[in-house]
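> Here it is: the structure, laid out below.
The values are calculated or read from the model by the stated rules, or taken from the named source; none is laboratory data. All figures in this text were calculated on a predicted structure; none of them were measured in a lab. Please note: Cβ atoms are built from the backbone with ideal geometry, for glycine as well, and neighbour counts cover all protein chains shown. Note: accessible area is taken over every heavy atom of the protein model, side chains too, but ligands, DNA and RNA are not part of it. Shrake-Rupley method; radii C 1.70, N 1.55, O 1.52, S 1.80 Å.
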Amino acid sequence: MALFLLYETSSGYSLFLANGLDEIGQNTEAVRNSVSDLNRFGKVVQLTAFHPFESALDALNQCNSVSEGIMTDDLRNFLELNLPKVKEGKKAKFSLGVAEPKIGSHIFEVTKIPCQSNEFVNELLRGVRLHFERFIKDLKPGDLEKAQLGLGHSYSRAKVKFNVNRVDNMVIQAIFLLDTLDKDVNSFAMRVREWYSWHFPELVKIVNDNYIYAKLAKFIDDKSKLSEDKLPELTDILGDEDKAKEVVEAAKASMGQDLSPIDLINVQQFAQRVMDLSEYRKKLHEYLVTKMNDIAPNLASLIGEIVGARLISHAGSLTNLAKCPSSTLQILGAEKALFRALKTRGNTPKYGLIFHSSFIGRASARNKGRMARYLANKCSIASRIDCFSESGTTVFGEKLREQVEERLDFYDKGVAPRKNIDVMKAAIGSAENKDTAMEVEEAPAVASAKKSKKKKSKSDTAENGEAEDKPTVNGGAAGDAKSEKKRKKEKRKLDQEQAVEKSNGTDRVDADEQDGTAKKQKKKKSKDEELQDASGMKKKKKKSKGE
């Protein structure tokens, strides 16, 4: 049985015929020894056909298809053209050796060409790769390396390409920064409290919030200058008039020591820094919420943006989280406790990061483990939907959240929850309805754009018609009436042509309109000339009659 070898290169597809396999006896060691020597290998393997790629883009498309195990039309045509034809109902007297079993199975499914991929074929293809430049005579030295380098760059660039709106790396960085900011703002706010308490110690007991305390420390500055005139400003900061009066009264009877102006300036500057950091923390939280709604909308609507972001960052990416089973997701973040329990043969942890979800807190102590297991199951489903679905929607996350709420009611009150299959069917139906609603909303916008284009084209043709009406004044009233009717007919024809052309493609419309107007102008010019000739003939006849 003859053996053909399919070898894919950066410059094209090549087909080789392996001869003398009976002598070798398909011995891998013998082939391995003959690979390095071109004289011996050239007797075994000979080039049958070569199909070069048309361009770099074509090479990239072919490379992507081969890597995914898909046979393209070009490859199919190349194989059918150069391989021996197999009669229907008979077995092929040859086989095709390929490097990848995936593409071999696809070739066999489509063309019924028997393919094989084993160690023996790989050794033969290794020899082909080693001596490929010498098989192709037209290749110059260095051409193959350049083609390989260019295709390698473009293939890697295409693989690295991603949707900018769905970059989970940004969520990981944002949640890390948010945690760091929380610690920093906390420690800095405590430093402001401790520093300003030397001057105004009573303020700590009145105001508990760190951000408002920093604002007040900057506003009050020197407590001796605080009077009832500043009550409106204090009320705006505190949001409570009684507290503002309490602050003023405490400042009058304060036991704190006086600070120098330089010390007060430093306290003010530090308080301003704490305020800026806390404001930035709020903006970062808003950014994280919007990013999570873009990347993992279902996970965010189910368990919350912060907890969802923590799960993604701990897993490494949304894809890694989607690959995790629900049992792993349940204890994600409690790895130390898990290994300690396994080492000491104690009880394993029931929950990790998902403990911060409100559902676990609302469940009773007896049902916390059950709730964590059920919630991890739903989070796993939501993360997979977010990772592998093409269109982002929160429908599934909302339905999964309803299921978790029903499960809580079941544990507390004994109300039977709905079945998962019914809920998912309802979610799929509502998602499809949303998609159709979006398409219906987009359709009127497209129609209005088309109408505006039609109006513009009509106005342009009308202007052209008015401009062309002027030279036909000499032709008389009858000629004007006829030309107007003809113009109307031509306008109708133009409108019909434009409608057909718009359905075929908007790019051709402008060129066709210009051609149509040019033809129209030529027709009208010829008509005007005929009218003028007719009027001249009438005048000549009148003159001859008068004579």
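> Grab the Cα-Cα distance for Gln148 and Thr348, subtract it from 0.36 nm times how many residues apart they are, and report the gain in nm with one decimal.
66.7 nm is the gain from fully extending Gln148 to Thr348.
> Can you tell me the length gained on complete extension of the stretch Glu249 to Arg191, counting 0.36 nm per residue apart and subtracting the Cα distance?
18.4 nm
> For Lys336 and Ala56, calculate 0.36 nm times their separation in residues minus their Cα-Cα distance, and state this gained length in nm to one decimal.
Taking 0.36 nm per residue and subtracting the Cα distance, the gain is 95.7 nm.
> Once the whole set of protein chains is in place, how much accessible area is left on Lys215, using a 1.4 Å probe, in Å² to the nearest 10?
The value for Lys215 is about 70 Å².
> Could you report the accessible area of Arg76 in Å², rounded to 10, computed with a 1.4 Å probe on the protein chains as they sit in the structure?
Its accessible surface works out to 90 Å², give or take rounding.
> Kindly flag which residue pairs out of Lys368/Lys419; Lys205/Lys243; Lys323/Lys350; Lys282/Lys378 have an alpha-carbon separation exceeding 23 Å in this structure.
Details: Lys368/Lys419 21 Å; Lys205/Lys243 11 Å; Lys323/Lys350 20 Å; Lys282/Lys378 29 Å.
Pairs exceeding 23 Å: Lys282/Lys378.
> So, in nm, how far is label Glu133 from label Asn169 when the simple model puts each one 7 Å beyond its Cα toward the Cβ?
A separation of 3.6 nm, rounded to one decimal place.
> Let me confirm the definition first: pairs of Lys residues in region 58-179, 8 or more apart or on different chains, C-alpha distance under 16 Å. How many are there?
7
> Divide, for region 362-404, the radius of gyration over alpha carbons by 2.2 N^0.38 Å, where N is the residue count.
Rounded to two decimals, the normalised Rg is 1.33.
> Given a Förster distance of 51 Å, report the FRET efficiency between Tyr287 and Arg492 from their Cβ-Cβ distance, rounded to the nearest 0.05.
Between Tyr287 and Arg492 the formula returns 0.35.
> So how far, in whole Å, is the C-alpha centre of region 263-313 from the one of region 28-96?
Using only Cα atoms to place each centre, the spacing works out to 57 Å.
> Let me know the shape class of region 296-374, please: from the alpha-carbon gyration tensor, a ≥ b ≥ c as square roots of the eigenvalues, rounded when a/c is under 1.5, otherwise prolate if a/b is greater than b/c, or oblate.
oblate
> Please give the FRET efficiency for Tyr280 paired with Ser224, using the beta carbon to beta carbon distance and R0 = 51 Å, rounded to the nearest 0.05.
Efficiency for this residue pair is about 0.95.
> By the gyration tensor of its Cα atoms, with a ≥ b ≥ c the square roots of the eigenvalues, what is the shape of region 34-103: rounded for a/c under 1.5, prolate for a/b over b/c, or oblate?
Oblate, since a/c reaches 1.5 and b/c is not below a/b.
> Follow-up. Work out the FRET efficiency for Asn208 and Ser364 from their Cβ-Cβ distance, taking R0 = 45 Å, and round it to the nearest 0.05.
0.90
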